[in-house]
Amino acid sequence: MTKINLEELFATENEQLQKLNDIVAKSIEEEKLLSEKILEFEDRNPSFKSRLADHVANFGGSWLFIISFAFIMLIWILMNEFVIKKPFDPYPFILLNLVLSTIAALQAPIIMMSQNRKEEKDRQRAINDYLINLKAEIEVRNLQRKLDLLMTEQMKTLFDIQKTQVDLMEEIKSFVDNKTDEI
């Protein structure tokens, strides 16, 4: 009787371990799929145009650009007013205004392209964050299932052990009662 109960307990423990192994294998596979999906979104080799737009936007939005452009404008104005006898762009500096307008007209769409690209990257990051959060939620649920499974199986095991102990105690009691009756 005790030997059979022990075999049943071992079988129950093996079933429990197999269930846990299945849950862990499923979790590992889901994580693999998630990491593959995240890698699909990464832009590892942006095109030359995209890199150029990013560099122009970075330079156009820097203090270096502002200071250097102010310096070039100051030199332009000083040369046309005081240095050159016959200025190529006399006051009111129409050619300078044309150059500034052209630069602004070219720079604005390039900066917008870079911003659109960065916005797309942000969207992809948000999707990746969502997927990671979803994965974390799934992992928490899997952990909860594992804990529930462990607790259920542990309770079954404890009840089986308790039943075995009660049976043994009854056998001992009946043995003691038989011995006391004989005396």
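The values are calculated or read from the model by the stated rules, or taken from the named source; none is laboratory data. Computed from a prediction, not measured in an experiment: that's the story for all the values here. FYI the Cβ positions are ideal-geometry reconstructions off the backbone, even for glycines, and counts take in every protein chain you see.
Pairs needed: first member in the stretch 68-92, over 18 Å from I103 (Cβ atoms); second member anywhere, modelled with pLDDT under 95 and part of a helix (DSSP H, G or I); C-beta distance under 6 Å; at least 6 residues apart or different chains.
P87/N80
Which fully enclosed helices (runs of 4 or more DSSP H) of the stretch 1-91 have 1 or more residues being modelled with pLDDT under 70?
2-41
Restricting the first residue to the stretch 142-155 and requiring it to be in contact (Cβ under 8 Å) with a residue 40 or more places away in the chain, which pairs with a second residue that is of a type in the set (G, A, S) and in a helix (DSSP H, G or I) meet a Cβ separation below 7 Å and a spacing of at least six or different chains?
N142/S27
I'd like to verify a number: residues in the stretch 136-162 that are closer than 20 Å to E15 by Cα and surrounded by 11 or more Cβ atoms within 10 Å (Cβ to Cβ), how many?
Going through the stretch 136-162 one residue at a time, the tally reaches 13.
Is at least one residue of the stretch 93-112 assigned to a loop (DSSP other than H, G, I, E, B) and of a type in the set (A, V, I, L, M, F, W, C)?
yes
Can you find a residue that is within 30 Å of K121 (Cβ to Cβ), surrounded by fewer than 12 Cβ atoms within 10 Å (Cβ to Cβ) and aromatic (F, W, Y) anywhere in the stretch 55-77?
Within the stretch 55-77, one or more residues are within 30 Å of K121 (Cβ to Cβ), surrounded by fewer than 12 Cβ atoms within 10 Å (Cβ to Cβ) and aromatic (F, W, Y).
Hey, could you check the stretch 84-115 for residues that are over 21 Å from F65 (Cα atoms) and out of contact with any helix residue (DSSP H, G or I) (no Cβ under 9 Å at 6 or more places or on another chain) and say which is surrounded by the most Cβ atoms within 10 Å (Cβ to Cβ)?
Per the criteria, the residue is I84.
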